[in-house]
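Chemist: Starting off with a structure, shown below.
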Amino acid sequence: MSAIGPDFISLQVSDLEASAKFYQNYLGLVRSQAGPPHAVVFDTKPIAFALRDLLPGTALGSGNQPGLGVALWLQAPDTQEIHDRLVAAGVKIISSPIDGPFGRTFTFADPDGYFITLHSKA
């Protein structure tokens with residue numbers, strides 16, 4: 001037997017409600033009714049994406065960047081529009097939009113400093 005592939009992704013965040021609102025307001029993610037009280041699960045396909053409270057002993061601010069070495073890409077057909085909203089809100093853009101093999105692509109830092117890449121083509 002072997003693993004099939006990613007099935008669930010979650011990020012530990014310092015302020016669950018603030019981070020959930022960020023992902024809802026700027027990326028348009030919709031909350032799912034599923035999930036435990038210490039997490040917000042979004043209705044994403046094909047892989048579930050969630051935010052959760054910090055686990056005991058986790059200090060996000062103790063390093064240079066949370067999730068260093070992990071690449072988290074989300075598909076969004078309107079990446080330029082999302083980019084423009086993030087810029088207007090003062091969100092840190094890590095790499096400006098470019099057109100490449102995955103369509104219009106850019107990377108930003110979320111409220112906890114995770115680098116998130118959006119791309120427009122599957």
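Chemist: Quick one: how many residues across segment 32-54 are within 12 Å of the chain's Cα centre (by Cα) and among the hydroxyl-bearing types (Ser, Thr, Tyr)?
Modeler: 1
Chemist: Can you work out which of the residues in segment 39-65 that are exposed (fewer than 11 other Cβ atoms within 10 Å of the Cβ) and in a loop (DSSP other than H, G, I, E, B) is modelled with the lowest pLDDT?
Modeler: Taking segment 39-65 first, the residues exposed (fewer than 11 other Cβ atoms within 10 Å of the Cβ) are 45-46, 55-57, 59, 61-64.
Now drop any that are not in a loop (DSSP other than H, G, I, E, B), which leaves 45-46, 55-57, 59, 63-64.
Values: LYS45: 91, PRO46: 91, LEU55: 79, PRO56: 79, GLY57: 77, ALA59: 73, GLY63: 68, ASN64: 71.
That would be GLY63.
Chemist: Considering each of ALA109, ALA88, ALA122, ALA76 in turn, give the residue that is exposed (fewer than 11 other Cβ atoms within 10 Å of the Cβ) and under 26 Å from ALA48 (Cβ atoms). Spell out how you get there, then give the answer.
Modeler: On the way: ALA109 fails: exposed (fewer than 11 other Cβ atoms within 10 Å of the Cβ); ALA88 fails: under 26 Å from ALA48 (Cβ atoms); ALA76 fails: exposed (fewer than 11 other Cβ atoms within 10 Å of the Cβ).
Exactly one of ALA109, ALA88, ALA122, ALA76 is exposed (fewer than 11 other Cβ atoms within 10 Å of the Cβ) and under 26 Å from ALA48 (Cβ atoms), namely ALA122.
Chemist: Identify the residue in segment 70-100 that is free of Cβ contacts under 8 Å to residues at least 12 places away in the same chain and closer than 28 Å to SER32 by Cα and, among all such residues, is nearest to the chain's Cα centre (by Cα).
Modeler: Once the filter is applied, the top-ranked residue is VAL70.
Chemist: Restricting attention to segment 53-87, which residues are over 17 Å from TYR23 (Cβ atoms) and small (Gly, Ala, Ser)?
Modeler: GLY57, ALA59, GLY61, SER62, GLY63, GLY69, ALA71
The values are calculated or read from the model by the stated rules, or taken from the named source; none is laboratory data. Just so we're clear, the structure is a prediction, and the values are computed from it rather than from any experiment. Virtual Cβ from ideal backbone geometry, glycine too; neighbours counted across all protein chains shown.
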